[in-house]
Amino acid sequence: MKDEFLKKEIIKPREIYSWEQVNYSEDFFKVLLNSFSEDYKGKYGLEGKIEEIKSSLEENERKFINFLLRILEVVDFFERIIEVETTQDSRIEKIKSGYQFLLEELAKIKVKPDGPEIGSNPRKGKDIVEGTEERVDLPDGAICNIIKKCYLFEDRVLRKAKVIIVKKGG
């Protein structure tokens with residue numbers, strides 16, 4: 001009985017969206033708000049409540065992104081240790097194992113490294129040039145050193161790479 005009341009009185013028939021299609025976008029909130037009849041929107045202050053939910057989701061997303069950026073600092077720390085350490089003792093192997101585990105766990109939540117490559121040109125929107133270095137083995141403007149890798153979260157740039165590029169003397 002209660003379900004029938006909800007279907008007839010509160011929720012107007014609308015096209016059904018899957019969660020993947022909507023994904024908490026503006027469309028999601030419009031569909032949600034439009035699914036209620038005008039009487040109930042005003043009577044229960046639904047527009048205000050939906051705005052509160054939207055703001056809460058946006059705040060939680062910001063907090064999650066900041067958390068991921070802190071985790072990437074740990075990944076960077078592991079990379080520096082692995083890069084500098086040349087011995088092959090068991091401690092370094094444990095560090096490498098921890099590093100791999102961290103990368104695998106990040107991949108599960110759709111966080112993945114996205115280059116760049118030494119010798120390539122900086123990519124617009126993904127790489128930040130932090131400085132230059134004179135080199136003869138690479139072309140002018142090519143990346144010669146990667147300070148920090150670029151990371152993507154669900155195919156969006158989470159953190160841009162920081163790179164050094166070649167500057168030919170002259």
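The values are calculated or read from the model by the stated rules, or taken from the named source; none is laboratory data. Owing to the predicted nature of the structure, the values given are computational and were not obtained by experimental measurement. Please note: Cβ atoms are built from the backbone with ideal geometry, for glycine as well, and neighbour counts cover all protein chains shown. Keep in mind that these areas ignore ligands, DNA and RNA; they rest on the heavy atoms of the full protein, side chains included. Shrake-Rupley method; radii C 1.70, N 1.55, O 1.52, S 1.80 Å.
Applying the condition of being in a strand (DSSP E or B) and open to solvent by 80 Å² or more (accessible area, probe 1.4 Å) to region 79-133 and asking which residue is nearest to C144 (Cα to Cα) yields T132. Go through (1) touching a strand residue (DSSP E or B) at 6+ places or on another chain (Cβ under 7 Å); (2) open to solvent by 70 Å² or more (accessible area, probe 1.4 Å); (3) of a type outside the set (V, I, T); (4) within 30 Å of G169 (Cα to Cα) and name the single condition C150 misses. Here C150 meets the rest and fails (2). In this entry, F5 is excluded by the filter for residues that are open to solvent by 60 Å² or more (accessible area, probe 1.4 Å), modelled with pLDDT of 60 or more and hydrophobic (A, V, I, L, M, F, W, C).
May I ask you to verify whether K110 is modelled with pLDDT of 90 or more and within 12 Å of the chain's Cα centre (by Cα)? Taking the combined requirement at face value, the residue satisfies it. Of the residues making up region 134-147, those that are surrounded by fewer than 17 Cβ atoms within 10 Å (Cβ to Cβ) and hydrophobic (A, V, I, L, M, F, W, C) are V136, L138, I147.
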